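First up is the structure itself, then whatever we jot down about it.
The values are calculated or read from the model by the stated rules, or taken from the named source; none is laboratory data. In this text, all values refer to a predicted model and were calculated from it rather than measured experimentally. Here the Cβ is made from the backbone with ideal geometry for all residues, glycine too, and neighbour counts use every protein chain on show. Surface areas here come from the heavy atoms of the whole protein model, side chains and all, with no ligands, DNA or RNA. Shrake-Rupley method; radii C 1.70, N 1.55, O 1.52, S 1.80 Å.
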Amino acid sequence: MPVTLNAGFRMPSWFDLRSLDADGPEDEEGIKNACNIVHKMIDEEVKEGIASERIVIGGFSQGGALALYSALRCNKTLGGVMALSCWLPMHRQFPGAAVGNKDIPFVQCHGDCDPVVPYKWGQATATLMKQFLSKAEFRTYRGMAHGSSDEEMRDLKKFLEANLPPQ
């Protein structure tokens, strides 16, 4: 899709990115449409016999932002959320906009040298979410930019093992 911050050029994207300012304009319609796609994916898994409590959603950067938003707007109880190097879209609408999943485990991971999604955005998201989520965890990765690390992947593996044990 065309992305405003990419001079309108097409690129893989869940929704339009219009500003690098945390309080800048957001693509509310695009975010809601992408959220509906995620909810439909969850519904399809449930129809195939997977209990919603065994579904963990997650993503990196914009995908992590969408995972946070989609989980909080979902009326099915999920198994957890893994959000990497991201922010909470339309954060000014929360906690009021949260309709579900306030008691499931969330892990949010962020590098403290991220030049794309500033670390302070991750911190601000974590501070907001801890006000209304009972199991929100924020993990910092020293020296990590907008990417991933072996340490982060090990932490996500532990998160899944703790919150989604084999049946």
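Couple of notes before you dig in:
- Check on Glu152, open to solvent by less than 20 Å² (accessible area, probe 1.4 Å) and of a type in the set (D, E, K, R): yes
- Yes/no for Ala97 being in a loop (DSSP other than H, G, I, E, B), among the hydrophobic types (A, V, I, L, M, F, W, C) and out of contact with any Ser or Thr (no Cβ under 8 Å at 6 or more places or on another chain): yes
- Pairs, first closer than 17 Å to Ser70 by Cβ in region 9-33, second surrounded by 12 or more Cβ atoms within 10 Å (Cβ to Cβ) and among the basic types (Lys, Arg), C-beta under 9 Å, six or more apart: Phe15/Lys32; Glu26/Arg18; Asp27/Arg18; Lys32/Arg73
- Residue that is most open to solvent (accessible area, probe 1.4 Å), among those in region 36-63 that are in contact with a Leu (Cβ under 8 Å, 6 or more places away or on another chain) and not in a helix (DSSP H, G or I): Phe60
For (1) over 28 Å from Ser19 (Cβ atoms); (2) of a type in the set (Ser, Thr, Tyr); (3) touching a strand residue (DSSP E or B) at 6+ places or on another chain (Cβ under 8 Å), each residue gets a yes or a no:
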| residue | (1), (2), (3) |
| --- | --- |
| Phe106 | no, no, yes |
| Cys113 | no, no, no |
| Pro118 | no, no, no |
| Gly122 | no, no, yes |
| Thr125 | no, yes, yes |
| Phe138 | no, no, yes |
| Gly147 | no, no, yes |
| Glu152 | no, no, yes |
| Leu156 | yes, no, yes |
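- Residue count for region 64-80, restricted to those that are under 25 Å from Lys157 (Cβ atoms) and open to solvent by 50 Å² or more (accessible area, probe 1.4 Å): 2.
- Search result, residues across region 1-35 that are surrounded by 11 or more Cβ atoms within 10 Å (Cβ to Cβ), assigned to a helix (DSSP H, G or I) and modelled with pLDDT of 90 or more: Glu28, Gly30, Ile31, Lys32, Asn33, Ala34, Cys35
- Near pairs, Cβ below 6 angstrom, 6+ apart or cross-chain, from region 142-159 (closer than 13 Å to Val116 by Cβ) to any residue that is at pLDDT 95 or above and of a type in the set (Gly, Ala, Ser): Met144/Gly111; Ala145/Gly111; His146/Ser85
- Of all the residues in region 117-158, those that are part of a helix (DSSP H, G or I) and under 15 Å from the mean Cα position of the chain (by Cα) number 12.
- Where a residue in region 111-132 is over 16 Å from Ala97 (Cα atoms) and open to solvent by 40 Å² or more (accessible area, probe 1.4 Å) and its partner, wherever it lies, is at pLDDT 95 or above and among the basic types (Lys, Arg), with Cβ under 9 Å and at least six apart: Asp112/Arg142; Cys113/Arg142
- Residues of region 34-70 that are aromatic (Phe, Trp, Tyr) and either closer than 12 Å to Val81 by Cβ or free of Cβ contacts under 8 Å to residues at least 12 places away in the same chain (or both): Tyr69 alone.
- Checked against the criterion of being farther than 21 Å from Cys109 by Cβ and among the aliphatic types (A, V, I, L, M), the candidates Ala67, Ala71, Ala51, Ala83 yield just one match: Ala51.
- The residues of region 91-104 that are out of contact with any strand residue (DSSP E or B) (no Cβ under 7 Å at 6 or more places or on another chain) and buried (at least 16 other Cβ atoms within 10 Å of the Cβ), listed by number, are His91, Phe94, Ala98, Asn101, Lys102.
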